[in-house]
1. Which links in Lys381/Lys446; Lys116/Lys168; Lys208/Lys381; Lys405/Lys446; Lys132/Lys282; Lys208/Lys405 stretch past 24 Å when you go from one Cα to the other?
2. Based on other C-beta atoms within 10 Å, arrange Ser150, Ser73 from fewest to most.
3. Taking only DSSP H segments of four or more residues, each worth -39500 (n - 2.57), what value at 222 nm results for the chain once the sum is divided by all its residues, to the nearest 500 deg cm²/dmol?
4. Which label marks the calculated value of semi-axes √(5λ) of the Cα gyration tensor in Å, given the options (i) 38, 31, 22; (ii) 31, 27, 24; (iii) 46, 26, 19?
5. Are there any trypsin sites (Lys or Arg not before Pro) in region 211-284 that are in a DSSP loop and have at most 15 other Cβ atoms within 10 Å? List them by number.
6. Enumerate the calculated ³J(HN,Hα) couplings along region 173-180 in order (Karplus 6.51 cos²θ - 1.76 cosθ + 1.60, θ = phi - 60°), each rounded to whole Hz, writing x wherever the residue is Gly or Pro.
7. Of Thr173, Thr408, Thr243, which is the most mobile in a GNM of the chain whose springs link Cα atoms less than 10 angstrom apart?
8. Fewest to most neighbouring Cβ within 10 Å: what's the order for Phe101, Phe50?
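The numbers here are math on the coordinates, done by the rules we state, and not lab data. Predicted model, so just to flag it, every value in this text is computed and none were measured. Cβ placement follows ideal geometry from the backbone for every residue including glycine, while neighbour counts extend to all protein chains displayed.
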Amino acid sequence: MVKYLADTQGLAPAEAEPYRYLIEQDLNQVESFDPELAVMCGRCHSSARFALQRRTEAEWEHLVHFHLGQYPSIEYSLYGRDRDWLHLALTQSVPELAQRFPLESESWAQWQAADKPELEGRWVLSGHMAGKGYLYAIMTVVADKKDYYSLSLAGRYANGESVSGTGKAVVYTGYDWRAQLQLDGVAMRQVLAADSSGNRLTGRMFQKEQELIGMRITALRDVGVSQLNSVFPSHIRRGRSQTLLLTGTQLSGEIQLPAGLALEEIVSRDKNHVAIRVHAAKDATTGAAELRVGPAILSGALVVHERLDALSVEPAYGIARVGDNGGATPKVQAVFRAVGMDFGPDNVAGTKDDIRLGYIDDASWTVAPWDAAAERDEDVKFTGKMDPGTGVFSPADAGPNPLRKRSTNNAGNLKVIASYRDGEQDVTGQAHLIVTVQRWNSPPLK
């Protein structure tokens, strides 16, 4: 039934694309949305949740009445009691929703008429997992019947850890890939989208019960031509040598580097990877570099830089939730990554010449009180533990804690700090982490 509805009344790729972060369970996002709809609708759930729906104006009106019947307090809670909520919802929000998210659209009509690709084949996959680094893997997909597939995956993380497993996938709406797989005993999910050619998949792979423990991945299908998929690490400093791993398909041609980068050694290679030792000259041009292997070109994935000026922590605002302790609701971890920044020739943060270097896997992680109240309440002591090597925060148990003031629970307000020793300089960055209570209502789209 779900597949039938997705195939006949789903979303075209262009309609879903701006909000795929919600579909892909990339949850710690700060949305930027129309202020009125964000207040009227997005105060109780993400704004992407309604933006991923399509209805006639009458159906949007029915939804408003359903909300009022199902959740009578909607008119009395925050941003409801300060306005005539029902009147505004019916006279302003409904017409706006119907105009922006109608049941019928040109994008959907065009997608319904388009040929839908089959996705069997051999795929080269790459991503980045916090605590383990970059992943390079081969995913083999076999068609069981139309839109249903078996798959196997085998690869290796940058830290040397191998990974392998098998699973099953279903494709909805002709492009939306959903897979369940076991990787070395860990239940994983893939939520990916195929491009119009059917030869490129992008999205996320994550743990079944811990959606934030995962990675954004890109996969290219081997169609017999030379293609470059990724390079990692994604940065090289002027005046230094670095081993780079390039991944792709049919990589048998000559390796060509831009001016300022010199090939020192080919460490290893086959048709899906090339590991090379590269030296960047002291006067190499900073910024995005173009790499070539035969006719395959990869632009913008590798940057040349002068220095490491700062760390940016992603996400800038995260949420973890207490759980377990005999209850039915598990803990929800939070995951942070450190991203290197070079402020560019002007050496000023936040200007156009800033260079994003990519992930800095050797960063160290700590937490601190966010403010005076958090320090007074000893939030660092009670809320959970930060893994100093991975950036993964595991919250404490749910329930009242008799050791805390008024026996409150283990919620708290923390500062997440990433640190990296760069020569004689300590480079740091920080983010905000809220450790809060369980979420009792957990719909598929938050």
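1. Where the Cα-Cα span goes over 24 Å, the pairs concerned are Lys381/Lys446; Lys208/Lys381; Lys405/Lys446; Lys132/Lys282; Lys208/Lys405.
2. Ser73, Ser150
3. The helix contribution divided over the chain gives -3500 deg cm²/dmol.
4. (i)
5. Passing sites in region 211-284 are Arg240, Lys271, Lys282.
6. 6, x, 8, 8, 8, 10, 10, 10
7. Fluctuation is largest for Thr408.
8. Fewest to most other Cβ atoms nearby, the residues stand as Phe101, Phe50.
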